[in-house]
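*Asks:* Submitted below is the structure of interest, expressed as structure tokens.
The numbers here are math on the coordinates, done by the rules we state, and not lab data. Computed from a prediction, not measured in an experiment: that's the story for all the values here. Glycine gets a Cβ as well: all are built from the backbone with ideal geometry, and neighbour counts include every protein chain shown.
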Amino acid sequence: MNNPDLVAQYIEAHAHVWPEIIDGQHQVGILSMQIYARGNVLFMIVDTVDDFDWERDMARLATLPRQAEWEAYVSQFQGCDPNASSAEKWQMMEVIFDSSSSASCAKL
């Protein structure tokens, strides 16, 4: 997503997320989701229930009302295939520090 106009449209789309999208997230165990932008780099934080499984629960989310329509809509701004899975669009990262956990440790 190297086009500033597409970035602006993506941000604007997320200012008006459809209620069914948020409802679907809650149904699969997503408690909250934040997406941060800096230029064309996006960073997402997802707070979930303890037994949330990214692959399983995001696949389930994709079957809920209006989810596929939303993904197709925002894919035009992301520059990806409208049928791409969440795993294809968002890459998991390793937590190297968490101030809320006494067991935080960086693996360098």
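*Asks:* Lys/Arg Cβ at +1, Asp/Glu Cβ at -1, dipole of the chain taken about the Cα centre: which of Leu31, Trp90, Leu64 is farthest positive-ward?
*Replies:* Result: Trp90.
*Asks:* To continue, here is another question. Of the peptides 58-68, 7-17, how do they stack up when ordered by the mean number of other Cβ atoms within 10 Å, highest first?
*Replies:* In decreasing order of mean packing, 58-68, 7-17 become 58-68, 7-17.
*Asks:* What value, in deg cm²/dmol to 500, does the helix sum -39500 (n - 2.57) over DSSP H runs of n ≥ 4 give at 222 nm once divided by the residues of the chain?
*Replies:* Rounded to the nearest 500, the figure is -12000 deg cm²/dmol.
*Asks:* Need the full-extension length gain, Ala68 to Cys80, defined as separation in residues times 0.36 nm minus the C-alpha distance. One decimal, nm.
*Replies:* 2.9 nm
*Asks:* Which entry is the computed semi-axes √(5λ) of the Cα gyration tensor in Å for this structure: (1) 48, 17, 13; (2) 22, 16, 13; (3) 24, 19, 13?
*Replies:* Computing semi-axes √(5λ) of the Cα gyration tensor in Å and matching it to (1) 48, 17, 13; (2) 22, 16, 13; (3) 24, 19, 13 gives (3).
*Asks:* Are there any GluC sites (Glu not before Pro) in the range 38-108 that are in a DSSP loop and have at most 10 other Cβ atoms within 10 Å? List them by number.
*Replies:* Taking the range 38-108 and a limit of 10 other Cβ atoms within 10 Å, the loop GluC sites (Glu not before Pro) found are Glu94.
*Asks:* For the chain, take the longest principal axis of its alpha carbons; what is the angle in degrees between that and the long axis of helix 19-28, to the nearest 10 within 0 to 90?
*Replies:* The angle comes out near 30 degrees.
*Asks:* Then there's this: In nm, to one decimal, how far is the modelled label at Ser100 from the one at Asp47, with both set 7 Å along Cα→Cβ?
*Replies:* Placing both labels 7 Å along Cα→Cβ, they lie 0.5 nm apart.
*Asks:* Taking the chain as the reference, fit the longest principal axis to its C-alpha atoms, fit the long axis of helix 4-14 to the helix C-alpha atoms, and give the angle between the two in degrees, 0 to 90, nearest 10.
*Replies:* 80
*Asks:* Another question, if that's okay. Kindly provide the chymotrypsin sites (Phe, Trp or Tyr not before Pro) of the range 19-108 that DSSP labels as loop, not H, G, I, E or B, and whose Cβ sees at most 13 other Cβ atoms within 10 Å.
*Replies:* Sites meeting the loop and neighbour criteria: Phe97.
*Asks:* Just how far, in whole angstrom, is the range 1-40 from the range 57-98 if you go by their alpha carbon centroids?
*Replies:* 10
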